[in-house]
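Each reported figure results from applying straightforward, stated rules to the coordinates on display, with no laboratory input. As the structure is a computational prediction, the values presented were derived from the model and not from experiment. Cβ atoms come from the backbone with ideal geometry, glycine included; neighbour counts cover every protein chain shown.
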Amino acid sequence: MPYPEPLVAPMRAELSAVGVNELRTAEEVDQAFEATAGKTMLLVVNSVCGCAAGMARPAVRMSMQSSVLPDMFTTVFAGQDIEATARAREHMVGIPPSSPFMALIQDGEPVFVVERRHIEGRSASAIATDLVNAYNHFCGDDASNGASDAGEGGNQASETYRSIL
């Protein structure tokens, strides 16, 4: 059973107010992934938890101040947009589900991920730095293709980043 909409509405608004596109159906998720051909997209799996409120959503907003950005910013809400969240996870085979969660998608494939365990216990600014480093590596005119020189697991992150391995 999904969370009541009045409960999550303010949490949705934190991202949608800054231009993050909400994907509320499985079809919208499929369309967004299809639209990444030759492009990049940050997908945020939003959540009602404290680490989403205190760290994940603020980190996304801070990262949007970067001069290099993904072509698209999207979000699904775990526990609310159940089918959309499940479909987003289907597009990221091999990555365990977690929320909150962020994935930088390039040409339909995740190239950088921030799982809940990379969020908990860290500051929003440290997480935002990790996102900006990923944007600089994978987005824009000077972006490298692929994750071969992005560090462990394809992630080029600050020293406060905990390995996904």
Quiz item: Quick one: of the DSSP bridges fully inside the chain, what percent are antiparallel, nearest 5?
Solution: 60
Quiz item: Any idea how far apart ALA35 and SER16 come out in nm if each label point goes 7 Å out from Cα toward Cβ?
Solution: 1.5
Practice problem: Using the Kirkwood radius over Cα pairs, work out the Stokes-Einstein diffusion coefficient for segment 5-154 at 25 °C and 0.890 mPa s, in µm²/s as a whole number. | Solution: 163
Quiz item: Put a dot 7 Å past each Cα toward the Cβ at GLU109 and MET1; how far apart are the dots in nm?
Solution: 4.2
Self-check item: Unit charges on C-beta of K, R, D, E only; dipole of segment 71-116, Debye
Solution: 180
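In debye, nearest 20: dipole of segment 1-72 around its Cα centre with unit charges on the Cβ of K, R (+) and D, E (-)?
For this selection, approximately 320 debye.
Could you sort 113-122, 27-36 so that the peptide with the highest average Cβ count within 10 Å comes first and the rest follow in order? Walk me through the numbers on the way to the answer.
On the way: 113-122: 20.1, 27-36: 16.9.
Going by the mean number of other Cβ atoms within 10 Å, highest first, we get 113-122, 27-36.
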Quiz prompt | Cα shape, segment 48-103, gyration tensor, a/c 1.5 rule | solution = oblate
Quiz item: If one takes the longest principal axis of the Cα atoms in the chain, at what angle in degrees, from 0 to 90 and to the nearest 10, does the Cα axis of helix 124-138 lie?
Solution: 60
Quiz item: Roughly how big is segment 1-154's charge dipole about its Cα centre, with Cβ charges of +1 (Lys, Arg) and -1 (Asp, Glu), in debye to the nearest 20?
Solution: 560
